[in-house]
Amino acid sequence: MKISATIITCNEERKIARTIESLRCSDEILVVDSGSTDRTVEIAGNLGAKVIESHWRGYSQQKNFAAEQAANDWILSLDADEVLSEALEAELWQLRKKGPAHDAYTMPRLAQYMGRWILHSGWYPDRKVRLYDRRKASWAGEFVHESVQVNGTLGHLQSNILHYSYDSLSEQMKSIDRYTTLAAQELVARGQKVHWRNLILDPMWTFARTYFFHLGFLDGLEGLTIAEMAATYTYLRYAKARYMS
């Protein structure tokens, strides 16, 4: 079983080295970069990754393009702010040794937010399909929240991907602005109408679900901030869609 690790990037010079260095269990590391103006391409190349510079296609299409360029059928797809934990790396070595019993594998993702590992708030275990046979699976999702769709059997690994999410509120707000625009475009494309309850009640419910039902209060001040930002995301998604339609 040979594995090609794929990463899509744009201006990730602060994080890309940590990601690449965690991929020792892969036979190939392939970075598809869409116009970085910082040192992302240089750093990735110096660390032994194969770098392809290509225009932006959207999240799903860019990740599928990366998989198509890989030398091997088994794809390990990470984002530039994600890292394999040592335990997950060891688990992947064992899987390589035994050979795959399934066509794709999920793995839990543990996020660090403002320097704190988040164990509640609906953020964990947050299982993702990140290891898959490209002959049996591919990325789907036209606008945002892309995921791997598998036409085959699904296995489950037990060790964590480590997700280094946001270091500051300003960084998160920029991300929320970008993603809510994409999410609003998706609503408009589906022809979904925005009602007053979406603008008033849905953000309130999002906060309550995140902070109380998903035990976000156990994540301290960071849990409160996550709940508030989740409510803000919900409101902006619907507000932008209303003004776009």
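The values are calculated or read from the model by the stated rules, or taken from the named source; none is laboratory data. This structure is a prediction, so every number in the text was calculated from the model and none was measured. Backbone-built Cβ (ideal geometry, glycine too); neighbour counts: all protein chains shown.
Out of the residues in segment 106-149 that are of a type in the set (A, V, I, L, M) and part of a loop (DSSP other than H, G, I, E, B), which is nearest to the chain's Cα centre (by Cα)? If you could, list the steps in order and put the result at the bottom.
Let us first name the residues in segment 106-149 that are of a type in the set (A, V, I, L, M), namely 107, 110-111, 114, 118-119, 129, 131, 137, 140, 144, 148.
If we keep only those that are part of a loop (DSSP other than H, G, I, E, B) as well, we get 114, 119, 144.
Values: M114: 17, L119: 17, V144: 10 Å.
Out of the qualifying residues, it is V144.
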field: Hits in segment 155-179 (condition: touching a Phe, Trp or Tyr at 6+ places or on another chain (Cβ under 6 Å), assigned to a helix (DSSP H, G or I) and among the polar types (S, T, N, Q))
entry: Q172
- request: Select from segment 20-48 the residues that are β-branched (V, I, T) and over 17 Å from A67 (Cβ atoms) and write down the one among them that is nearest to the chain's Cα centre (by Cα).
  value: I20
- line: Taking first residues from segment 189-205 that are closer than 14 Å to A239 by Cβ and outside the structural domain of E142 (by TED's automatic domain parsing) and second residues anywhere that are surrounded by 13 or more Cβ atoms within 10 Å (Cβ to Cβ) and of a type in the set (K, R), the pairs with Cβ under 6 Å that are 6 or more apart or on different chains are V194/R242
message: Whether any residue in segment 53-74 is in contact with a helix residue (DSSP H, G or I) (Cβ under 6 Å, 6 or more places away or on another chain), in the same structural domain as D133 (by TED's automatic domain parsing) and assigned to a strand (DSSP E or B) is what I want to check.
response: no
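Condition test on I118, is it farther than 20 Å from Y179 by Cβ, crowded, with 21+ Cβ neighbours inside 10 Å and at pLDDT 95 or above?
It is false that I118 is farther than 20 Å from Y179 by Cβ, crowded, with 21+ Cβ neighbours inside 10 Å and at pLDDT 95 or above.
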- prompt: Across segment 55-92, which residue is surrounded by the fewest Cβ atoms within 10 Å (Cβ to Cβ) among those that are touching a Lys or Arg at 6+ places or on another chain (Cβ under 7 Å) and closer than 13 Å to D33 by Cα?
  reply: F65
message: Please go through (1) surrounded by fewer than 19 Cβ atoms within 10 Å (Cβ to Cβ); (2) under 30 Å from F207 (Cβ atoms) for T106 and return the number of the only condition it doesn't satisfy.
response: (1)
